[in-house]
Amino acid sequence: MKSPISLSQKGFTKREIERLLAVAPMESKCLVIFGLYSGLRLGDLRSLRWRNISEDSMTVKVEKLRSIAHIPIGKALKSCIAKMHRGRPNDLVFPFYGKSSGLGEAQGQFLEFLKLAKLGGPRNSRTGFRNLRLTFAQWLCRAGTPLSVCMDLLGIRDQSIRKRLSPLSLEMKRNAIDSVPKIYI
C-alpha cells in the first residue's frame, strides 16, 4: 500500500502558493484553497457537494479510508466559499473537476498550473495536488498544532509516518527543551 506522505515530496511555501493562485482561474483557485486548508485529496474534493458544507464545517466521504470526515472550516476557507457561486444542495462544489472528468485529467490540469507558475517540471519533487495536503500538514505542525490533531485532521492513523509529516527542526527541538522548567547550578 502506498504511504500517505512520500519522502520525495515537499510542501509549498506561502510565496509558491501565491504564485500558483496568480496563474489559476477562479474555480481552480478555490480548489487549491480547499486542498490547502482541508488537507483533502483531489478525489474527495471532486465528489464534494454543497449539501455537505455548513456554516462552520464540511462532511466529506473519504474514499481512501472508506470513512466520513468532519472538517472544520477556517477563516481562509470560509472566505473562499463566500466568493463561490453556491449551487443547489446536490450540485458538485467543483463541477469542472467533477466525477465526469477523470481524476487523471483533473490532476493534469493542476500540473499545468504548476508549470505556468514555474513550480513544476520533470525533476521537481512537487508531483501534484497531494502536495497541498502535505503543505497543510507541515503548516499545522510548524504552527505548534499537536501531532494528534494534525493526524486526525488528515485522517492518518499510522504513527510511523510522524517524521514525514512533521520533520523537527533544531529550533523546534530547542524551543521544546527551553519550555520545560529550568534549574540552574
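Where a number appears in this text, it was derived from the coordinates with a stated rule and is not lab data. Being a predicted model, the structure only gives us computed values, none of them experimental.
Table for the structure above
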read-out: Set of aspartates and glutamates with alpha-carbon distance to Lys83 below 19 Å, sequence-local pairs under 8 removed; value: Glu18, Glu27, Glu55, Asp56, Asp91
read-out: Listed residue pairs exceeding 19 Å between alpha carbons, taken from Lys75/Lys118; Lys10/Lys118; Lys10/Lys115; value: Lys75/Lys118
